[in-house]
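Okay, structure first, notes after.
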Amino acid sequence: MAGIRNDRHGARTFIATLDEGASVLPLDGLRRANYRLTLASLHANGGTSTWDLPFGFDGKGEPDIATLTKTWSTALVERAERAVQERWRGARSYVADDVITHAPTAEARSKLRALRTALEP
């Protein structure tokens, strides 16, 4: 689930489902502006995870996917770093094979692999 906000008064919600580990988030009808993209995942165990990312458009009026991907990668690695450094109970889940495989950039995958070695005995 994702929420898009471009001001303090309104938000739009979009639903995305996973299909073989990938998701498509249709963001139809957005005007060119800067937004906050809040991604929320709902887990089978009742837990949730949220991510708050800036989202906007490039000079050509296209969604700025490159910046969004970079921001997402940074947030993913920072959360994993915190989990490993603070020895969260579920820290291994932040550096699991499927997380590394689906990380959005090669740099993020490399950093997540390095973090995983810090958890190995």
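Worth pointing out:
- Within the stretch 91-107, if we keep just the residues that are more than 16 Å from the chain's Cα centre (by Cα) and under 16 Å from P121 (Cα atoms), the residue that is least open to solvent (accessible area, probe 1.4 Å) turns out to be A91.
- If the condition is being within 22 Å of R109 (Cβ to Cβ) and either assigned to a strand (DSSP E or B) or more than 16 Å from the chain's Cα centre (by Cα) (or both), then the stretch 38-85 contributes L39, S41, S49, W51, L53, V84, Q85.
- Verdict on A75 being touching a Lys or Arg at 6+ places or on another chain (Cβ under 6 Å) and surrounded by 15 or more Cβ atoms within 10 Å (Cβ to Cβ): no
- Checked against the criterion of being at pLDDT below 90 and open to solvent by less than 100 Å² (accessible area, probe 1.4 Å), the stretch 108-119 contains one or more residues that satisfy it.
- Among the candidates A40, A33, A16, the residue that is surrounded by 11 or more Cβ atoms within 10 Å (Cβ to Cβ), closer than 17 Å to T67 by Cα and modelled with pLDDT of 75 or more is uniquely A33.
The values are calculated or read from the model by the stated rules, or taken from the named source; none is laboratory data. As the structure is a prediction and not an experimental result, all values here were calculated from the model. Every residue, glycine among them, receives a Cβ derived from its backbone with ideal geometry; neighbour counts consider all protein chains shown. Note: accessible area is taken over every heavy atom of the protein model, side chains too, but ligands, DNA and RNA are not part of it. Shrake-Rupley method; radii C 1.70, N 1.55, O 1.52, S 1.80 Å.
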